[in-house]
Amino acid sequence: MEATRYTGKKGIGKGAVDKRLNKKYIISWCLFDFANSSYSAVIASVIFPLFYANYVVGNREGIGDLWWGMAISLSMAIIALTSPFLGGIADYSGIRKRLLFLYTAISVLAIVFFATLKEGMILAGFSMIVIANIGMEGGLVFYNAFLPQIAPKKYQGRVSAWGFGTGYAGSIISLLIALPLVKAGQYELTWLMVAGFFAIFSMPAFFLLPSDRRAGFSFIKAGSTGIRFTLATLRELWSRKDPRRFLLAYFIYQDGINTVIVFSSLFAATTLGFKPQELIALYIIVQFSALIGAFIMAKPIDMWGPKKVIMTSLIMWSAVVVLAFFIRTKVQFWVLASFAGLGLGTVQAATRAFYVRFIPKDKESEYFGVYSLVGKSSAIIGPLVFGQVSSAFKSQRPAILSVAAFFILGMVVLYFVSGSSQEKDEEYRKDWQ
């Protein structure tokens, strides 16, 4: 089954590829990352974790860390289990964009209800976090699947990095808007701002990205077909040495990245005494450095190959988390966090670009469903380990040090993945069709 592929012209037939980038597709795709980064920055990383762990739960002896870790882990587990099958449904029913809209709407509505949270509403907050995170992270399955559709292979590394770079700009702007609200103690308005930001800037994607297509399958048949082919995709990926090793490496090092993102603000606040305003300012600096890193390394991802870029980033991240164990002052953490930001967008963009090399045409949603399964599964173990270690030792320092193991082990596994030349990539794609 074929779908209309990336094209810059109307009327180009199935399978055709126009080498010129379609600006409408690229800009709207990047704007969606700009939109959802407000969630990543304010809700997942900086402000809401402190609000929930310290105010709603009360972070005595790491209990808030434990509840936050459980909420993230549960939501990621649900996403991991459902993403491959929803990806199959999106491919075989032709409703990729509609599912992206549905998941986005779920997340936005859940964020709106954050405004009702009060002290002691632990289970209510837990439920809202799970729903919001499922909507946000689950939607990325369909968002990522547009990449090979809107950009020819020679530009996919750059376009991937542009998306992350635009997303970091969204993080910075949303945090700048949130800063005066947090200073005034207006947390309810902060959550509503994020919901509005997410909704408004995601709209261009729903209007301008390639339209859903009629695939000739009912939703139920598409679901059964998608599940069957997704299981075949899993077997197919696992039967190939390089994709199997790549996904294993990604599973391991992404666990470390997810854990750092989820707990960095709690570490800074609880262990180093950062105030909410200081955390926002810190995160803005980190996002700015990540934006710089993503754009600087956009072209090298295509020129050097994504594997070399990932390996370099993981070496840097390993050093960062080890140094974080010894940090004693806010100034030291400022410097270290700013340095870490340079590799954040780079490793994520390069990873996505590397994975695209293994995807046969017209199976993007299925393969990104598996990609999401691996990535979100990796977000289950790390947060649980961090929460448990923090609670057991009554200190976050041993917990942050444990993250280094994920980066080092992931780097070792990735070393044995073929760099995949262009010719080799084409062989994979032809062989898998």
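The values are calculated or read from the model by the stated rules, or taken from the named source; none is laboratory data. In this text, all values refer to a predicted model and were calculated from it rather than measured experimentally. Quick reminder, even Gly has a Cβ in these numbers, built from the backbone with ideal geometry, and neighbours come from all protein chains shown.
In segment 319-329, the residue that is farthest from ARG397 (Cα to Cα) out of those that are in contact with a helix residue (DSSP H, G or I) (Cβ under 7 Å, 6 or more places away or on another chain) and of a type in the set (A, V, I, L, M) is VAL320.
Going through (1) under 27 Å from THR351 (Cα atoms); (2) surrounded by fewer than 22 Cβ atoms within 10 Å (Cβ to Cβ); (3) modelled with pLDDT of 85 or more; (4) not small (Gly, Ala, Ser) one by one, THR166 falls short only on (2).
Is segment 131-146 home to any residue that is out of contact with any helix residue (DSSP H, G or I) (no Cβ under 7 Å at 6 or more places or on another chain), in contact (Cβ under 8 Å) with a residue 40 or more places away in the chain and assigned to a helix (DSSP H, G or I)? Spell out the reasoning first.
The first filter runs over segment 131-146 and keeps only residues out of contact with any helix residue (DSSP H, G or I) (no Cβ under 7 Å at 6 or more places or on another chain), leaving none.
There is no residue in segment 131-146 that is out of contact with any helix residue (DSSP H, G or I) (no Cβ under 7 Å at 6 or more places or on another chain), in contact (Cβ under 8 Å) with a residue 40 or more places away in the chain and assigned to a helix (DSSP H, G or I).
Flag set for ILE252, criterion: of a type in the set (A, V, I, L, M, F, W, C), touching a residue at least 12 places away in the same chain (Cβ under 8 Å) and within 21 Å of SER73 (Cβ to Cβ).
So, in segment 371-403, of the ones that are among the hydrophobic types (A, V, I, L, M, F, W, C) and closer than 26 Å to PRO243 by Cβ, which residue ends up surrounded by the fewest Cβ atoms within 10 Å (Cβ to Cβ)? So the residue we want is ILE381. Just so you know, in segment 347-370 the residues that are over 20 Å from ARG245 (Cβ atoms) and either surrounded by fewer than 23 Cβ atoms within 10 Å (Cβ to Cβ) or of a type in the set (Phe, Trp, Tyr) (or both) include one that is modelled with the highest pLDDT, and it is LYS361. The requirement of being surrounded by fewer than 18 Cβ atoms within 10 Å (Cβ to Cβ) and in contact with a Leu (Cβ under 7 Å, 6 or more places away or on another chain) is fulfilled nowhere in segment 250-264; no residue meets it.
Per-residue answers, yes or no, for (1) in a loop (DSSP other than H, G, I, E, B); (2) farther than 24 Å from ALA399 by Cβ; (3) touching a helix residue (DSSP H, G or I) at 6+ places or on another chain (Cβ under 9 Å):
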residue	(1), (2), (3)
LYS299	no, yes, yes
ASP302	no, yes, yes
ILE310	no, yes, yes
SER313	no, no, yes
TRP317	no, no, yes
VAL331	no, no, no
LEU336	no, no, yes
LEU342	no, no, yes
GLN348	no, no, yes
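The rows are residues; the columns are (1) touching a residue at least 24 places away in the same chain (Cβ under 8 Å); (2) out of contact with any Ser or Thr (no Cβ under 7 Å at 6 or more places or on another chain).
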| position | (1), (2) |
| --- | --- |
| LYS308 | yes, yes |
| SER313 | yes, no |
| THR329 | yes, yes |
| LEU336 | no, yes |
| PHE339 | yes, yes |
| THR351 | yes, yes |
